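Inspection log for the structure reproduced underneath, given as structure tokens.
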Protein chains: 4
Amino acid sequence: MLHILPLATRRKAPTKPRLVQCEEGQHAESSAMAMKRASPPQKLSRWTSPPRTVLLVQKPDDERTTQAMGLVLSHLAKTAPHLNLLVEPHTARDHPSHADKLTVVEQGDEPLLERCTDLVVTIGGDGTILHVSHLFAGGECPAVLSFSMGTLGFLLPFHIDTLAPALEMTLNGPVSILQRMRLACTPLSADGEVLPCTGIVGQAGIQVMNEVTLHRGQHPHLTVIDAYFDEQHLTEAVADGLLLSTPTGSTAYSLSAGGPISHPETDAFLLTPIAPRSLSFRTVVLPGRGSVRLEISTSSRSPAELSIDGRQICHLRPKESVVISKSPYPIPCVERSEGGTGWVRDINSLLQFNTGFRNKSLMGHSIA
Amino acid sequence: MLHILPLATRRKAPTKPRLVQCEEGQHAESSAMAMKRASPPQKLSRWTSPPRTVLLVQKPDDERTTQAMGLVLSHLAKTAPHLNLLVEPHTARDHPSHADKLTVVEQGDEPLLERCTDLVVTIGGDGTILHVSHLFAGGECPAVLSFSMGTLGFLLPFHIDTLAPALEMTLNGPVSILQRMRLACTPLSADGEVLPCTGIVGQAGIQVMNEVTLHRGQHPHLTVIDAYFDEQHLTEAVADGLLLSTPTGSTAYSLSAGGPISHPETDAFLLTPIAPRSLSFRTVVLPGRGSVRLEISTSSRSPAELSIDGRQICHLRPKESVVISKSPYPIPCVERSEGGTGWVRDINSLLQFNTGFRNKSLMGHSIA
Amino acid sequence: MLHILPLATRRKAPTKPRLVQCEEGQHAESSAMAMKRASPPQKLSRWTSPPRTVLLVQKPDDERTTQAMGLVLSHLAKTAPHLNLLVEPHTARDHPSHADKLTVVEQGDEPLLERCTDLVVTIGGDGTILHVSHLFAGGECPAVLSFSMGTLGFLLPFHIDTLAPALEMTLNGPVSILQRMRLACTPLSADGEVLPCTGIVGQAGIQVMNEVTLHRGQHPHLTVIDAYFDEQHLTEAVADGLLLSTPTGSTAYSLSAGGPISHPETDAFLLTPIAPRSLSFRTVVLPGRGSVRLEISTSSRSPAELSIDGRQICHLRPKESVVISKSPYPIPCVERSEGGTGWVRDINSLLQFNTGFRNKSLMGHSIA
Amino acid sequence: MLHILPLATRRKAPTKPRLVQCEEGQHAESSAMAMKRASPPQKLSRWTSPPRTVLLVQKPDDERTTQAMGLVLSHLAKTAPHLNLLVEPHTARDHPSHADKLTVVEQGDEPLLERCTDLVVTIGGDGTILHVSHLFAGGECPAVLSFSMGTLGFLLPFHIDTLAPALEMTLNGPVSILQRMRLACTPLSADGEVLPCTGIVGQAGIQVMNEVTLHRGQHPHLTVIDAYFDEQHLTEAVADGLLLSTPTGSTAYSLSAGGPISHPETDAFLLTPIAPRSLSFRTVVLPGRGSVRLEISTSSRSPAELSIDGRQICHLRPKESVVISKSPYPIPCVERSEGGTGWVRDINSLLQFNTGFRNKSLMGHSIA
Ligand SMILES: NC(=O)C1=CN([C@@H]2O[C@H](COP(=O)(O)OP(=O)(O)OC[C@H]3O[C@@H](n4cnc5c(N)ncnc54)[C@H](O)[C@@H]3O)[C@@H](O)[C@H]2O)C=CC1
Ligand SMILES: NC(=O)C1=CN([C@@H]2O[C@H](COP(=O)(O)OP(=O)(O)OC[C@H]3O[C@@H](n4cnc5c(N)ncnc54)[C@H](O)[C@@H]3O)[C@@H](O)[C@H]2O)C=CC1
Ligand SMILES: NC(=O)C1=CN([C@@H]2O[C@H](COP(=O)(O)OP(=O)(O)OC[C@H]3O[C@@H](n4cnc5c(N)ncnc54)[C@H](O)[C@@H]3O)[C@@H](O)[C@H]2O)C=CC1
Ligand SMILES: NC(=O)C1=CN([C@@H]2O[C@H](COP(=O)(O)OP(=O)(O)OC[C@H]3O[C@@H](n4cnc5c(N)ncnc54)[C@H](O)[C@@H]3O)[C@@H](O)[C@H]2O)C=CC1
């Protein structure tokens, strides 16, 4: 249980180790290289003090992932025995031999998690990072280092085979960090009261990594949703659903629903309809500074499911709504530091963005 | 020159060898197999009399294609010395050693071509078949056997390595034939007179394999085009251009412009806009029985280029139009007879239709 | 109850009145008008013998529709007292004063309905015609005359204000008929047995007017569906869902999911994915002669809902599938006979197809 | 000629009147209104000193626009006789009676224009503002007040009927200003030298309001373009063309080519292909901080036309490229200050964004 974590760690929360961006001067670049340089200077971050408490998260019920987590535990036991290691119950169960060195995080411990954790290490898929975001849905999220078991995933820059060097680099710094924007959302009643819902709701609402979705779900009939931008009525969606996505989420549900692909650093939201009864409802790109409200219309014949990052958290009935704006709490994701942004690599290799046809460009033909 | 072709061949035009579909009885199928049989019964065709005159067409200025054509010539000299072989001038030039056995088809010979040719063999790319369609743009087109040099193309079912068996099967029959619909189009003046244009215009107009395109071309301003279906006003396109495609052409320009993919046997046209100034202009699928007219609007600031299968044939000014309907002259394409339709294979392997993402389906995650 | 209908009517089923197309000779057209005539010659149909039994269907719980039905009943009582009038229970309840002249059709009577009914008259919306299709889901559907209460609907060519002339024209003929293709579908177990489902299943399966849909419904995870064309594997859809639509249905769910718009007379199906996890899954247009099978993949984490025309009829689990082909039973819809096809009018006025922008075409500007 | 403008004006360039944003304090808002306030607080700007030199631009060869410009001239003569009025030659010719009060700007004067002009007033269409952007393509652009003659245009917030109050408000301040991002682009040779092109090239390259476009133009064959983001290879486009658009330009060519609609304040570019030979080339949204380079591939069979805001400025051959980044010189556009952003109004009223269907939501139907 988290509350048995040594006091030191918890007390130090105010001065807990953080990653801060290194000063520009440290990476001077000759201005001559400006126009055609190979890639933008990596912005590196260093720790204010060494990280002490690490949360280890793995995909459950997966043999290979469990084995890999075993390796991480052994490696850390040897190379960083001073670290406090936090794990979820299923991870503790899977690694009884490490039991004495592990602190188990139980359901309800999430508020403490936020204050204790300096770093999160995940092994699994994109869903595992979404799960981490969910654990820290109430507020600040520590840096996340993510390993994939096989093919690199969209949110998974490191392969498990690079375990040792990646851990070393991350624990010592400097590291390359991509701040992935999150959304902060709050479901509201017709009177503007916060609605009850499953999951962790913080002061700033619920923090979301991919998208906030309203969907007809099991109801056979179209939902009708009014979308407001900065409280100005933008449009009425008659559709299966409507979602507001982060740039990170642009390659998730929004893409399936026809939306564009966004670079993760774009300061923007994507408002994308799901199967709208309209020929003319394209994705709308909105500036990150604004706020969006989605309200179930009184002309909607059925309630809509409200989901965040694919988890259903409540139903909204006509006049109920969800308010969404940029979260003050992005997720700091540890990136590989060599060779350009991983995003360009990923949309090409994982999404097969703009894959060429195989019978391209044949030469012309004339009779002459 | 084609007019020196032995009289026999030319005179026989009325009774020239043709491919006709074998009778159903010849391919009886137990009705028990109905619901879940592996694939529809191949419809096979046989020759009414053995083909005598073969047109050999190759992509020009391409070393490897020329070599392959050399193989075809040698093979036919050995195995079918009785055949009349027709070639274009550049092919004759590339194969001087076969000169005495080749009849050269010159520009202007096209009307004769139609009467003389029993079979066309092509080596090259999709563009080479489009070129054949163009040679027979005035009317009937004989069966076409197409070889690719490397990757199979969309209109290229045979690999050059299968030269000998493919030729043998095709010359003797029975063969599997895909009748690819063509369009017949005629450019008209404001008064309904046929407009002059480059290329071959027959009684039924110009036969087109992929699509008829109107495009602003070099003009910076949008064109305005009125589209009529069966002379009923369908819509006004303000766009870079507008095209009417065959099912075969659905994987060519229409696809690039956002159109759906059609099975080649669908009896339908696709009307697809190119970069339309509208949020709500989708492809329209029209029944093959109808006729379409595209007319440059008097509100268009510039003329439009009229192209067929990628070749510009004239400019249309306001009030001028092009009338299009299903051609009475499809192209009989020789298909491979094993294993289902090549089309399904091609949209998957060549177009990479619905390519899956590489990081699919990860298992769920919960804290419990 | 339908089984109390006078025997004469029921016995006559074999020789029941039908609409058959008038012979071509009756509508000779000078061939001179060919190229630019105003619209294709209307194909008219006449009755083999006068219709005797009419099913009257109205949208339930709608005041205005009920009033309109009252007018129809009074009008028919006066002008065609010899007709047998069939109604659903809620219609009978709404019109007690006509009770003695009405035969009530109860749930379970559908098989009889097919044999008895010569004509259906509907008042309501598009959903009301879908309901009629559903009543005749087991097989043949009689001609349908549809009235809208206000704006014309997509499947509603007549306005209620034209009640008298429209009824007269339809009862006497000749009438203009649009045969709307239906799909015939059958849900199958992994072993190829027909699966139980709600609704009417005939010899030819279930007849469908708009589309057959597989959807994840309330399940949060993507469904995985294998699509076969003529039993050749076409593609694997990882998506919210997948649908196969008739041309009529192209303006319903398929359109919302991004599909093209099809003329109702096109002999084709549209296979359209709903929010597919792919950048490259466009609608596929398939020829009406083929058959499609959609099977839940063993890699799908959840079952899928099978719906026809928006009604959920069962759940399919991995290895279960639905087979679909063109129904032998289209719906003969009575059309207005003047002025071209209603479809062109409808996509423009109802769907706002290719609506122009309001600030079009401004003249150029240069400094000179 | 501009160089005869009174010295005072030109000398004062360093201290020329500018619009600067009013301090936050001036528009305090009770924090209680936070969550559901009607719209974001307008950010207002005021003049550092009164504007003295106004450039008046009108659409040429348009009777009604000329009359409207007459009104502007008379109004300013009466109410602001101290202003220096600059006009283009065609405007001077159209208003001989005002000749003595007008300074004519001739071709070649553009560099001076930038230093002299405090405010631009336009009458015409969206093209007229694009023309103003072009006049100031070399660098800074003064505030622009735009009048439409009829329907409001996308870039035209004021109707000519509000001439007097709009001018008064703008000349005196405070005014509501929308800073519309521009792109800065430079065409480069294979060796990285700046290529000659028509139009004004400043230190920061050419400033562009809508988009930079590469297009095959009159060439029948597809162009092949390599796109780099921050010099990392992003993708290879085989297409009619490829464009990089500002948020303002998202409703221009990018929209026609299938791109999303962006709020003008989003700090992002849109990379949108025009008719790409790919099923999987969606618009990519890139952060405003980055740089994009589009290079003609050596595998491209033809050169490409380089256009900015619809004007062709040069041809690029294989290995030649254009580098594009956010311009330091946005266009300050005077907005109406009441009632939310004009953009929401415009996408709804002008673009008909997500126009509803007319036969929406009919009630259900069941037999019972
Ligand atoms: N039709 C669709 O495409 C649907 C998509 N989703 C997405 O699934 C997400 C997670 O929910 P689960 O139920 O756990 O997913 P899941 O296990 O059903 O699979 C979601 C898939 O999306 C991928 N993914 C997740 N985030 C991604 C990102 N930012 N970029 C690229 N790929 C990403 C995952 O790798 C996985 O392949 C939701 O946030 C939503 O975006 C959810 C429902 C339907
Ligand atoms: N933006 C675009 O996608 C454009 C496409 N085209 C297409 O090019 C065709 C031929 O013109 P060319 O100048 O010789 O072409 P090209 O040599 O410029 O290349 C056309 C490409 O289209 C492919 N192709 C042709 N027909 C096809 C079909 N039915 N299905 C699948 N792929 C096909 C060819 O293999 C080749 O890769 C035209 O009929 C038109 O469809 C023409 C201009 C622009
Ligand atoms: N996201 C979407 O667009 C969805 C659409 N549907 C459609 O609704 C249909 C009927 O189901 P209900 O639950 O009664 O519908 P509903 O009452 O929820 O509304 C369906 C809407 O579609 C219209 N519609 C129906 N058939 C049409 C056609 N062929 N062409 C143009 N418009 C048409 C109706 O007028 C109505 O506006 C289904 O067959 C399906 O096509 C069903 C679920 C979701
Ligand atoms: N297929 C297409 O949609 C094409 C569009 N264009 C666009 O035309 C623009 C101007 O070039 P011109 O030759 O003078 O145009 P034009 O006189 O041919 O017409 C361009 C149309 O676009 C509108 N427009 C311009 N900027 C806009 C914006 N930011 N938002 C919404 N609408 C806008 C204008 O009002 C006009 O209706 C280019 O910057 C380009 O964006 C240019 C070529 C083709």
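Read-outs throughout are calculated quantities, based only on the coordinates presented, and are distinct from any laboratory measurement. All values derive from a computational prediction rather than experimental measurement. When we count neighbours, we look across all protein chains shown, and the Cβ atoms used for this are built from the backbone with ideal geometry, even at glycine.
Each of C:278, C:228, C:304 was scored by the projection of its Cα onto the charge dipole of segment C:183-326, and the greatest displacement toward the positive side belongs to C:278; charges sit on the C-beta of Lys, Arg, Asp and Glu. Among beta bridges from DSSP that stay inside chain D, the antiparallel ones total about 75%. Using θ = phi - 60° in the Karplus curve 6.51 cos²θ - 1.76 cosθ + 1.60, the 3J(HN,Hα) couplings for segment B:278-295 round to 6, 8, 10, 9, 8, 4, 10, 9, 10, x, x, 6, x, 10, 10, 10, 10, 10 Hz; x is entered for Gly and Pro. Quick check: Cα centre of segment A:101-116 to Cα centre of segment D:282-320, how many Å? Centre-to-centre distance over Cα atoms comes out at 52 Å. For the protein assembly as shown, the Cα gyration tensor yields ellipsoid semi-axes of 52, 43, 39 Å (square root of five times each eigenvalue, largest first, whole Å).
Between identical copies, the spacing of residue C:337 label points, each set 7 Å from Cα toward the C-beta atom, reads 5.1, 6.7, 8.4 nm from nearest to farthest. The relative contact order of segment C:51-162 comes to 28 percent, based on Cα pairs under 8 Å that sit 6 or more residues apart. Shape summary: segment B:288-355 maps onto an equivalent ellipsoid whose semi-axes, from the alpha-carbon gyration tensor, are 36, 17, 12 Å in decreasing order.
Taking GluC sites (Glu not before Pro) across segment A:278-338, the ones in a DSSP loop with at most 13 further Cβ atoms lying within 10 angstrom of their Cβ are A:338.
Normalising by residue count, segment A:91-250 has a Cα convex hull of 176 Å³ per residue.
From the square roots a ≥ b ≥ c of the eigenvalues of the alpha-carbon gyration tensor of chain B, which class results: rounded (a/c under 1.5), prolate (a/b over b/c), or oblate? Cα axes put chain B in the oblate bin.
Distances between copies of residue D:319, taken at a point 7 Å out from Cα along the Cα→Cβ vector and listed shortest first: 5.1, 6.2, 7.1 nm. Shown here are the Rg and Dmax of the Cα trace of segment C:39-173, at 14.2, 46 Å. Converting phi to 3J(HN,Hα) with the Karplus coefficients 6.51, -1.76 and 1.60 and the offset θ = phi - 60°, segment D:121-128 yields 10, 10, 10, x, x, 4, x, 5 Hz in sequence order, with x at every glycine or proline. Once Rh for segment B:183-326 is found with the Kirkwood sum over Cα pairs, what is the Stokes-Einstein diffusion coefficient at 20 °C and 1.002 mPa s, in µm²/s? Estimated diffusion coefficient is 146 µm²/s.
Residues whose amide H lies under 5 Å from that of residue D:197, counting only those 5 or more places away or on a different chain, are absent; hydrogens are built 1.01 Å from N in the peptide plane. Between the label point of residue D:67 and that of the same position in each other copy, find the distances and list them shortest first in nm, with every label point placed 7 Å from Cα along the Cα-to-C-beta direction. Label-point distances to the other copies, shortest first: 4.7, 7.6, 8.4 nm. Normalising the average separation of contacting C-alpha pairs (under 8 angstrom, six or more residues apart) by the number of residues puts the relative contact order of chain C at 16 percent. With both residues required to sit in segment A:41-173, DSSP beta bridges show an antiparallel share near 5%. Roughly what % antiparallel, to the nearest 5, for the DSSP beta bridges in the protein assembly as shown? Close to 75 percent. Straight-line reach from residue C:78: taking Cα to Cα under 15 Å and skipping same-chain neighbours fewer than 8 places apart, the aspartates and glutamates in range are C:100, C:168.
For the rotation carrying C onto A, the chain C residue whose Cβ lies nearest the axis, with the distance in whole Å, reads C:218, 2. The phi torsions of segment B:102-119, fed into the Karplus equation with coefficients 6.51, -1.76 and 1.60 and a -60° offset, translate into couplings of 10, 9, 8, 9, 9, 4, x, 7, 3, x, 5, 3, 4, 7, 8, 7, 9, 8 Hz, rounded to whole numbers, with Gly and Pro shown as x.
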